[in-house]
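The values are calculated or read from the model by the stated rules, or taken from the named source; none is laboratory data. All values reported here derive from a predicted model rather than from experimental measurement. Here Cβ is always computed from backbone atoms with ideal geometry, including for glycine, and neighbour counts include all displayed protein chains.
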Amino acid sequence: MGAGETVGIVGPSGSGKTSLLMLLAGLERASGGSVVVAGHDLAGKDEDALARIRRDHIGIVFQAFHLIPTMTALENVAIGMELAGVADAMARAEAGLRAVGLGHRLTHLPGQLSGGEQQRVALARAMAPRPAILLADEPTGNLDRTTGAVVIDLLFALTREAGATLLLVTHDTTLAAQCGRVVQLADGRVVA
C-alpha cells in the first residue's frame, strides 16, 4: 500500500479482518510469513520495539472507544503523546479535538460524552500524533447510522489531510466502496 491510500477490508465475521489489523499493529504475532509496516519487519521485534513502531507510525481506532474514564477528553488525547515525550502534546491534543468538532468538550469525561463524541475523541487520539498509517476496526459499529456517517466523514477527511494511509475494516460494503481499494477476506485469505 502506498502513502495516502485508502483500503477497505471486508468479509464475513471470522474471516480474519480484525486479526489482520492486529498483525499490522504488532499486537499479535504472525504464525508465518512476514509483516512489514512503515519499512519495519515486525517479526522478531520485542514488545518495546513494537510499541515504538506503533507510537511513531500507527494510529488505531477500534469499535470500542477505549477511553480512560477518569481523564478528560483532552487528557485522553494527550496522554500517549505525553508519555512519548512530545513537547506540544496538549496543544496537539486540543487541535485534534477541535478538528473533530469537540473544541467545546475538552474538559468533559468520557461518561459525559455521547457515543459519537467518544468515538471522535478516539479518532482525535489516533490522529493527533500524525501517524503515517491509520488502522480503523469497525469504527462505527457502536454508533447509529447518522452519527456513524459523521465519524466516517471525519475519518476520511483527517487521513486525507494528513496524507496517511487508511485501512478500514467494515462489514458495510457501501462504506468500503468509499475507499480507493477494497480487499475481501474469507477464512483468513484474500479472495477478491
Query raised in the report: Taking into account only those residues within the range 66-98 that are among the charged types (D, E, K, R) and over 17 Å from Leu154 (Cβ atoms), which is modelled with the highest pLDDT?
Result: Glu75
Report task. Have a look at Thr147, Thr165, Thr173 and point out the one that is farther than 19 Å from Gly14 by Cβ, among the β-branched types (Val, Ile, Thr) and more than 16 Å from the chain's Cα centre (by Cα). Result -> Thr147
**Report entry** Test for Thr72: is it within 15 Å of Val121 (Cα to Cα), out of contact with any helix residue (DSSP H, G or I) (no Cβ under 8 Å at 6 or more places or on another chain) and surrounded by 15 or more Cβ atoms within 10 Å (Cβ to Cβ)
**Finding:** yes
Query raised in the report: Is there a residue in the range 17-25 that is over 19 Å from Ala164 (Cβ atoms), loosely packed, with under 13 Cβ neighbours inside 10 Å and in contact (Cβ under 8 Å) with a residue 24 or more places away in the chain?
Result: no
